[in-house]
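Structure first, commentary second.
The values are calculated or read from the model by the stated rules, or taken from the named source; none is laboratory data. The structure presented is a predicted model; accordingly, all values stated were derived computationally and were not measured. Cβ: placed from backbone, ideal geometry, glycine included. Neighbour counts: every protein chain shown.
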Protein chains: 2
Amino acid sequence: MANKTAPDATRRSQRSRQAICEAALALVGETGYDKLTIEGIAARAGVGKQTIYRWWPSKGAVLLDAFTEGVQDGGGTLPDTGDLATDLKAVLRATVDEFNDPAFQAPYRALYVAMVNDSEVSAGFTSKVLEPGTRAYADRIRAAQEAGEVDPDADPELAAEMILSPFAQRWLLRSRPLTHAFTDRLVDQALAGLRPRRA
Amino acid sequence: MANKTAPDATRRSQRSRQAICEAALALVGETGYDKLTIEGIAARAGVGKQTIYRWWPSKGAVLLDAFTEGVQDGGGTLPDTGDLATDLKAVLRATVDEFNDPAFQAPYRALYVAMVNDSEVSAGFTSKVLEPGTRAYADRIRAAQEAGEVDPDADPELAAEMILSPFAQRWLLRSRPLTHAFTDRLVDQALAGLRPRRA
C-alpha cells in the first residue's frame, strides 16, 4: 500500500501546524508581541524553526492563522427574530463579554500589533475576520431593510461599520468602558439617527 | 546674577527635548516601531541615552510626546456655520487628506503600535489626543442639539465616536478606502439614522 505514508504525513503536518498555532497563542500571551520569536514558538511547539518557515513568512502570519483557526466560520450569521435592535444588541452583548475576557485579550492585542506593523497580516485579517464579521452585520441590516424596518436609502455595510468600529476602538485603546449599556445605546442611536424625528 | 544659568539650562533642555522628539519621528518613519531604539534616537538627536531616560521611561513615551507636540491644542474647535452636516463634512475631508499623507502615516502608525503594546502610552494618547478630538466633535454636535438641529435624546459623545471610529479603523487596518465620499456618507447616515423617516 504505497498510499499509506501520505495520509500519515498529512496527519503529522496537521498536528505540527496545530502545535505551532497553540504555542504562538500561549507564548504571545506570556511575552507580548515584541518578544515573540519564531525560535520561541518552535521550541514551545517541539518543532524545528524550518518547519515554521516552511509554512509562514513571519511571526505575524503565524499569529493570524493561529487566531483565525478558532474563528473558522468567519462572521457567521446573526440571529433574525424580526426585530433588528433586539438581534444587534444580543450579539453585541455577547461580543462585549468575549472581548472583556482576559484569555482572549492578549493574543488578539498581539494580532493588532502585527497588523499595524505588517500590511500582509492586516490584509489577511481584513479578509478572514473583519470583512466576514462586518458582512454578517450588514446582511442582518439588509434583511431588515427588505422587511421595511430600515430606510431604503441606508447603506447596510456602512451601518455595520458605524456600530462595530466604536466597539473596536474602545477595546483597542481601552479609551472608554466596553459595557452592555454602551453597545445597547450604540444600536439605538444608529437606528434613530441624530436629526429630530417628528413624534 | 545667580539666576542667569537657570534660563540657559531650561533653554538647553528644551532644545534637547525638541531634538529628541524630531529624531524619534524621523527614525520611526525610516525603521518602523520594532527597530526603533532609545540608543538610535539618542545618536540621531546628538544626546546621551541617559538624557532620554531622564525624561521618558520608554520609546513609546518619547513617540507619544513627539507626536502630541505638533497637536498641542488637542482637539481644537470645529467650525460652526449653523449647518452641522456641512461643518462635519468639511473637517472630516481635511482629516482624510491629512491621514492619506505618507509623511503623517509612518509615525502615527508607530504610535498605534506603541499604544497597543503599552497601556501607559494608550492612556496618554487617549487623554492628550483622542478625548480632546472626540470632545471637539461632541461639542459641535451639542451646539447643534441646543439649536434644535439634533434630537434632544441623542448622545453627542457617542455620536462623535460613531463618526470618528469607522474613520480610524479604515485608516489603521487599511481595510477600506479613506475618501471624501466615505466621510460625507458617514455624516449623512449618522444624521439620518437607519429607521425610515416619514416623508
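A compact table of results
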{"read-out": "Within the stretch B:111-125, tally of residues that are surrounded by fewer than 18 Cβ atoms within 10 Å (Cβ to Cβ), touching a Lys or Arg at 6+ places or on another chain (Cβ under 8 Å) and either of a type outside the set (A, V, I, L, M) or under 19 Å from A:VAL28 (Cβ atoms) (or both)", "value": "1"}
{"read-out": "Single residue of A:LYS89, A:LYS128, A:LYS49 found to be charged (D, E, K, R), outside the structural domain of A:ASP151 (by TED's automatic domain parsing), at pLDDT 85 or above and touching a helix residue (DSSP H, G or I) at 6+ places or on another chain (Cβ under 7 Å)", "value": "A:LYS49"}
{"read-out": "Among the candidates B:ASP87, B:ASP65, residue that is surrounded by 13 or more Cβ atoms within 10 Å (Cβ to Cβ), without any contact (Cβ under 8 Å) to a residue 60 or more places away in the chain and closer than 14 Å to B:TYR137 by Cα", "value": "B:ASP87"}
{"read-out": "Conditions (1) more than 8 Å from chain B (Cβ to nearest Cβ); (2) touching a residue at least 12 places away in the same chain (Cβ under 8 Å): number failed by A:GLU146", "value": "(2)"}
{"read-out": "Residue within the stretch A:149-161 that is in a helix (DSSP H, G or I), within 16 Å of the chain's Cα centre (by Cα) and on the phi < 0 side of the Ramachandran plot present", "value": "yes"}
{"read-out": "Pick from the stretch B:171-180, criterion within 8 Å of chain A (Cβ to nearest Cβ) and in a helix (DSSP H, G or I), ranking: modelled with the lowest pLDDT", "value": "B:LEU173"}
{"read-out": "Checklist (1) under 13 Å from the mean Cα position of the chain (by Cα); (2) among the hydroxyl-bearing types (Ser, Thr, Tyr); (3) over 17 Å from B:GLN169 (Cα atoms) applied to A:TYR108, failing item", "value": "(3)"}
{"read-out": "Those residues of the stretch B:149-163 which are without any contact (Cβ under 8 Å) to a residue 24 or more places away in the chain and not small (Gly, Ala, Ser), in sequence order", "value": "B:ASP151, B:PRO152, B:ASP153, B:ASP155, B:PRO156, B:GLU157, B:LEU158"}
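Residue-wise test of (1) modelled with pLDDT under 90; (2) more than 9 Å from every other protein chain (Cβ to nearest Cβ); (3) touching a Leu at 6+ places or on another chain (Cβ under 6 Å).
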| site | (1), (2), (3) |
| --- | --- |
| B:VAL121 | yes, yes, yes |
| B:ALA136 | no, yes, yes |
| B:PRO152 | no, no, no |
| B:MET162 | no, no, no |
| B:LEU186 | no, no, no |
| B:LEU191 | no, no, yes |
| B:ALA199 | yes, yes, no |
